[in-house]
Amino acid sequence: MRIPTEPIGSIPRPGYLVDAMGAFAEGRIDADALAESREKALADTVSRLTETGSPVLTDGEQGKPSFATYPLAGLESLAPDGVVIPFADGHTRQLPRLTAGPFRYATHADEYLRAAKELTDLPVKQAVIAASAISLIYPQDGIDGYSREAFLADLVDQAEADIRRSLDAGADSVQLDFTEGRLSLKLDPSGGLLKSFVDLNNRVLDRFSAEERARIGVHTCPGGDQDSVHSLDVDYAGLLPALFSLNAGRFYLQLASEPDPRRVLEIVREHSRPEQRIFVGVTDPVDPVVETAEQVRDRVRLAAEYVPAERLGTCDDCGFSPFADDTSTSRDIAFAKIAARVEGTRLAFG
């Protein structure tokens, strides 16, 4: 029996693209020069993903400034002093703060999808940021003349359009990145913030048909950046029951880096629904050691003890470079881990 295996999203950008993005931000090159570097990196990424044997591709997020902020690139109604996200190693990332409404996405994810699809005949999935993550840009003290309720209504419209445009452009599936789910329990251990995130994302998901939702997935992990994470210390048991109340057909779960995967899988078995396919993480992007195909095979077989094979799939725990300037993992290691995932998944039921 063959089970599906898919990448999560980002692949480390080559050095020339990281340099070009920095040069563009500093005004040393123009948009055409940046686009040339992005196109070169995209072509190389699609080619190397194909070489791994991956049956489904992504664009590797080569053109995104980050997995979370791509819809905001180019917006003028932003200030730099938004929510700060601390990581376990002490470094932080900071979101922008919205200063005025109405809120609109400046960039939609189908732009990345269309560019990738021109380079391959294989299925291409598209990652989009969950509405709950973007909701964090609205300031706690509000915006004069633009209420939080009005902002959320605009946000739901924009998030729906982001998903629908990718589906209409031929995405094999659309994956909502929901890394803030586990983080929310660190910010608010009561679970109130998590519930508000789930409710907001369901406002978006409920606008799609059952057939469309079967092609929409949700990815969760403890965050990954510069070989560190922001919420691995948060108990998965606090997140998973709420996670499976999201009205999506696919779930991509970080698992390879979990200290007790059996305990997590027991919770998955208890709370996931029969119509939901579970993709388990079998490679850890934060760990520089490349998994063997046999290690991946054994992780798949363990998951199959808890999730029926017909509902099972595999993935990487997270993207390898969710932020464009993160070069802590090399491209070679990323592609080697993906190849191990593909081969190990094949071996599991071969």
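Listing for the model above:
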{"item": "Whichever lysines have a C-alpha closer than 18 Å to that of Lys40, once near sequence neighbours (fewer than 8 apart) are set aside", "result": "Lys64, Lys117"}
{"item": "Inter-probe distance in nm under a simple model that places probes 7 Å from Cα toward Cβ, at Asp44 and Ser245", "result": "4.6 nm"}
{"item": "Accessible surface of the chain [probe 1.4 Å, protein heavy atoms]: carbon and sulfur percent", "result": "50 percent"}
{"item": "Protection proxy ranking of 141-147, 156-162 - average other beta-carbon atoms within 10 Å, highest first", "result": "156-162, 141-147"}
{"item": "Ratio of Rg to Rh over the chain (Cα coordinates, Kirkwood Rh, two decimals)", "result": "0.94"}
{"item": "Residues with amide H under 5 Å from that of Thr314, placed H, sequence gap 5 or more", "result": "Thr5, Glu6, Val280"}
{"item": "Neighbourhood charge, 14 Å Cβ-Cβ cut-off, centred on His91 and excluding it, Lys, Arg +1 and Asp, Glu -1", "result": "-4"}
{"item": "Rg ratio (alpha-carbon, reference 2.2 N^0.38 Å) - segment 113-257", "result": "1.09"}
{"item": "Alpha carbon centroid spacing (whole Å) that separates segment 71-107 from segment 280-315", "result": "34 Å"}
{"item": "Accessible solvent surface per residue of segment 159-228, calculated while the other protein chains remain in place, 1.4 angstrom probe, Å²", "result": "35 Å²"}
{"item": "Which of Val307, Val18 is most accessible, then next, and so on - probe 1.4 Å", "result": "Val18, Val307"}
{"item": "Percent RCO, i.e. relative contact order, over the chain, from Cα pairs under 8 Å lying at least 6 residues apart", "result": "22 percent"}
{"item": "Relative counts (whole %) of C-alpha pair distances in segment 25-91, using bins that are 5 Å wide", "result": "3, 12, 15, 18, 17, 14, 15, 5, 1"}
{"item": "Net charge over other residues, Cβ less than 14 angstrom from the Cβ of Leu185 (K, R count +1; D, E count -1)", "result": "-1"}
{"item": "Length-normalised contact order of segment 197-275 in % [C-alpha pairs under 8 Å, at least 6 apart]", "result": "37 percent"}
{"item": "Packing rank of 332-345, 41-54, where each peptide gets the mean count of other beta carbons within 10 Å, highest leading", "result": "332-345, 41-54"}
{"item": "Local electrostatic count, Asp59, Cβ distance below 12 Å [Lys/Arg +1, Asp/Glu -1]", "result": "0"}
{"item": "Helix-only [θ]222 nm of the chain, DSSP H runs n ≥ 4, -39500 (n - 2.57) each, per residue, nearest 500", "result": "-12000 deg cm²/dmol"}
{"item": "Full-extension gain in nm, Tyr16 to Ala88, via 0.36 nm per residue minus C-alpha separation", "result": "23.0 nm"}
{"item": "For segment 1-146: span of alpha carbons on each principal axis (Å, largest first)", "result": "54, 44, 35"}
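The values are calculated or read from the model by the stated rules, or taken from the named source; none is laboratory data. Everything numeric here is computed off the predicted structure, so don't read it as measured data. In this analysis, Cβ positions are derived from the backbone assuming ideal geometry, glycine residues included, and neighbour counts consider all displayed protein chains. What goes into the accessible areas is simple: the full protein's heavy atoms, side chains included, and nothing from ligands, DNA or RNA. Shrake-Rupley method; radii C 1.70, N 1.55, O 1.52, S 1.80 Å.
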